[in-house]
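**Student:** The structure under discussion is supplied below as structure tokens; questions concerning it will follow.
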Amino acid sequence: MLSAIRLPDLLQRYLNGAVDALLSGAPGRHNNFAGPLLEEALLPASSLSWRVLKNPIALFVGGTAAVILELSEPAVRAGVWEHSSFRKDPMGRLKRTGLAAMISVYGARSVAEPMIARVVRMHATVSGTTAAGIRYSASDPQLLRWVHATASFGFAEAYSRYVAPLSAQNFDEFYDEGAPVSRLYGAIDAPRSVADMQALFESTRPRLCPSPIILEFLRIMHETPAFPRPLRWIQPTLLRAAVELIPERLRESLGLSERYGLRGHERRLAKWAGACADRIVLPASPAVQSCLRLGLPMAYLYA
């Protein structure tokens, strides 16, 4: 395994600020990970999840792929599009969702459990009817299962594809680790293995369908700055990298033609960015702050 690398101070500070900016707008966000001292998270620091989710490239690419998959399910699509601030404040909504995911993995139990409970209460207030006249509720265990499964799939696939290859055993381990946390959100029977994930995709496939909203989401993500200006040039490449994570047959059925995917040189660029990000220790990141909370070395997850 490659060891952590130390960048020149100016560049290190710049990238650290960039990661910090991705969590901006959340009051007291640093306290979500820095304390209470020595308090364990819902998942142990030795878990594969801690190593995978520390990577900002895997987070952005995998999170974007997860949203595409969520929006392909009509009931989830209606809930996201009609009952969230995504259209008015896309980055704000994504940052809040990303912060919740980080707290679920890295935050101390006394921080993570109340946050999850608040999300569950909020979901209980969200319901409606799809364009086809089908009633839905955001607290439906079946829909929650799909949402949490797509997040696990996206993060693991993005890490394996663009950072470092994961074995079938690694995928099983990653999915199994996340299932108990998903249950706290109300996602009953979340996939715990590659076989479970494949079975869920097959059983859900008949409900998945194309929608202009998916293309609108990609347009919004292309036009909305997610990175500081000097790094913004890589955003379109990472969006196309996310599209390529969608299983090919499903990608075609959703109308995501080749023009939405990566070119050869972009694939190499995405892999280079992911591999580099996996070796750069960023003190502002939830992963590093949480290691320090537990009395672990700053570079614990990079050794």
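The values are calculated or read from the model by the stated rules, or taken from the named source; none is laboratory data. Bear in mind that the values here come from a model prediction, so they are computed numbers and not experimental data. Here the Cβ positions follow ideal geometry from the backbone for every residue, glycine too, while neighbour counts run over all protein chains shown.
**Student:** Kindly list, by first and then second residue, each pair from a residue in the stretch 229-243 that is free of Cβ contacts under 8 Å to residues at least 60 places away in the same chain and at negative phi to a residue that is among the acidic types (D, E) and in a helix (DSSP H, G or I), limited to pairs with Cβ atoms under 6 Å and residues at least 6 apart or on different chains.
**Tutor:** T237/E266
**Student:** Determine if the stretch 101-115 includes at least one residue that is within 18 Å of the chain's Cα centre (by Cα) and closer than 27 Å to E223 by Cα. Write out each step before concluding.
**Tutor:** From the stretch 101-115, those within 18 Å of the chain's Cα centre (by Cα) are 101-107, 112, 115; that's our starting set.
Those left that are additionally closer than 27 Å to E223 by Cα: 101-102.
Yes, some residue in the stretch 101-115 is within 18 Å of the chain's Cα centre (by Cα) and closer than 27 Å to E223 by Cα.
**Student:** Continuing with this model, one more query. Would you pick out the residues in the stretch 134-159 that are among the aliphatic types (A, V, I, L, M) and crowded, with 20+ Cβ neighbours inside 10 Å? It would help to see each step written out before you state the result.
**Tutor:** First, pick out the residues of the stretch 134-159 that are among the aliphatic types (A, V, I, L, M): 134, 138, 143-144, 147, 149, 151, 156, 158.
The answer is A138, L143, L144, V147, A149, A151, A156, A158.
Condition check ((1) over 19 Å from the mean Cα position of the chain (by Cα); (2) not hydrophobic (A, V, I, L, M, F, W, C)) across all residues:
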{"residue": "A195", "(1), (2)": "yes, no"}
{"residue": "F217", "(1), (2)": "no, no"}
{"residue": "W233", "(1), (2)": "yes, no"}
{"residue": "T237", "(1), (2)": "no, yes"}
{"residue": "A241", "(1), (2)": "no, no"}
{"residue": "G274", "(1), (2)": "no, yes"}
{"residue": "A277", "(1), (2)": "no, no"}
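**Student:** A follow-up question, please. Pick out the one residue from D176, D196 that is under 17 Å from R51 (Cβ atoms), free of Cβ contacts under 8 Å to residues at least 60 places away in the same chain and acidic (D, E).
**Tutor:** Values: D196 fails: under 17 Å from R51 (Cβ atoms).
None of the others qualify; the one that does is D176.
**Student:** Across the stretch 165-187, which residue is farthest from A41 (Cα to Cα) among those that are small (G, A, S) and not in a loop (DSSP other than H, G, I, E, B)?
**Tutor:** Just the residues of the stretch 165-187 that are small (G, A, S), to begin with: 167-168, 178-179, 182, 186-187.
Going one step further and asking which of them are not in a loop (DSSP other than H, G, I, E, B), we end up with 168, 178-179, 182.
On the way: A168: 26, G178: 13, A179: 15, S182: 14 Å.
Result: A168.
**Student:** I'd like the full set of residues that are crowded, with 21+ Cβ neighbours inside 10 Å, among the charged types (D, E, K, R) and at pLDDT 95 or above, limited to the stretch 265-303.
**Tutor:** Passing the criteria: only R293.
**Student:** Related question: I'd like to check something: does the stretch 188-197 contain any residue that is in contact with a Leu (Cβ under 8 Å, 6 or more places away or on another chain), outside any loop (DSSP other than H, G, I, E, B) and surrounded by fewer than 24 Cβ atoms within 10 Å (Cβ to Cβ)?
**Tutor:** No: zero hits.
**Student:** If a residue must be over 14 Å from G154 (Cα atoms) and out of contact with any helix residue (DSSP H, G or I) (no Cβ under 6 Å at 6 or more places or on another chain), how many such residues does the stretch 186-203 contain?
**Tutor:** Here the count works out to 6.
**Student:** For S104, indicate whether it is at pLDDT 95 or above, out of contact with any Pro (no Cβ under 7 Å at 6 or more places or on another chain), part of a helix (DSSP H, G or I) and among the polar types (S, T, N, Q). Talk me through it step by step, then tell me what you get.
**Tutor:** Details: at pLDDT 95 or above: yes; out of contact with any Pro (no Cβ under 7 Å at 6 or more places or on another chain): yes; part of a helix (DSSP H, G or I): yes; among the polar types (S, T, N, Q): yes.
So S104 fits the description; yes.
**Student:** Take the conditions among the small types (G, A, S) and either closer than 19 Å to P44 by Cα or in contact with a Ser or Thr (Cβ under 7 Å, 6 or more places away or on another chain) (or both) and apply them to S139. Does it pass? Steps first, answer last, please.
**Tutor:** On the way: among the small types (G, A, S): yes; either closer than 19 Å to P44 by Cα or in contact with a Ser or Thr (Cβ under 7 Å, 6 or more places away or on another chain) (or both): no.
Answer is no for this residue.
**Student:** Now for a different question. With the requirement that a residue be surrounded by 20 or more Cβ atoms within 10 Å (Cβ to Cβ) and either more than 23 Å from V163 (Cα to Cα) or not aliphatic (A, V, I, L, M) (or both), what does the stretch 241-264 give you?
**Tutor:** Once the filter is applied, which keeps residues that are surrounded by 20 or more Cβ atoms within 10 Å (Cβ to Cβ) and either more than 23 Å from V163 (Cα to Cα) or not aliphatic (A, V, I, L, M) (or both), the stretch 241-264 yields E244, L254, L256.
**Student:** Do you know which residues across the stretch 46-69 are at pLDDT 95 or above, surrounded by fewer than 23 Cβ atoms within 10 Å (Cβ to Cβ) and in a helix (DSSP H, G or I)?
**Tutor:** Result: L48, W50, R51.
**Student:** In addition: Quick one: count up the residues across the stretch 56-88 that are among the acidic types (D, E) and out of contact with any Ser or Thr (no Cβ under 9 Å at 6 or more places or on another chain). Let's see the steps before the verdict.
**Tutor:** In the first step, residues of the stretch 56-88 are kept if they are among the acidic types (D, E); the result is 70, 73, 82.
From what's left, out of contact with any Ser or Thr (no Cβ under 9 Å at 6 or more places or on another chain): 82.
Selection size over the stretch 56-88: 1.
**Student:** Suppose we keep only residues that are more than 13 Å from the chain's Cα centre (by Cα) and among the hydrophobic types (A, V, I, L, M, F, W, C) within the stretch 51-80. Which one would you say is farthest from R207 (Cα to Cα)? Step through it out loud before you land on a result.
**Tutor:** The first filter runs over the stretch 51-80 and keeps only residues more than 13 Å from the chain's Cα centre (by Cα), leaving 51, 71-80.
Cutting the leftovers down to among the hydrophobic types (A, V, I, L, M, F, W, C) gives us 71, 75-76, 78, 80.
Values: L71: 11, A75: 9, V76: 11, A78: 13, V80: 16 Å.
Checking each candidate, the answer is V80.
**Student:** All but one of (1) surrounded by fewer than 19 Cβ atoms within 10 Å (Cβ to Cβ); (2) more than 20 Å from G79 (Cβ to Cβ) hold for F174, so report the exception by its number.
**Tutor:** The single condition F174 does not satisfy is (1).
**Student:** Still on this structure: So which of I280, I246 ends up being among the β-branched types (V, I, T) and within 23 Å of E216 (Cβ to Cβ)?
**Tutor:** Details: I280 fails: within 23 Å of E216 (Cβ to Cβ).
Criteria check complete, one pass: I246.
**Student:** Regarding the stretch 26-41, can at least one residue be identified that is at pLDDT below 90, surrounded by 21 or more Cβ atoms within 10 Å (Cβ to Cβ) and assigned to a helix (DSSP H, G or I)?
**Tutor:** Yes, the stretch 26-41 contains a residue that is at pLDDT below 90, surrounded by 21 or more Cβ atoms within 10 Å (Cβ to Cβ) and assigned to a helix (DSSP H, G or I).
**Student:** Here's something else I'd like to know. Report yes if H222 is free of Cβ contacts under 8 Å to residues at least 40 places away in the same chain, surrounded by fewer than 16 Cβ atoms within 10 Å (Cβ to Cβ) and under 19 Å from the mean Cα position of the chain (by Cα), otherwise no.
**Tutor:** Working: free of Cβ contacts under 8 Å to residues at least 40 places away in the same chain: yes; surrounded by fewer than 16 Cβ atoms within 10 Å (Cβ to Cβ): yes; under 19 Å from the mean Cα position of the chain (by Cα): yes.
Answer is yes for this residue.
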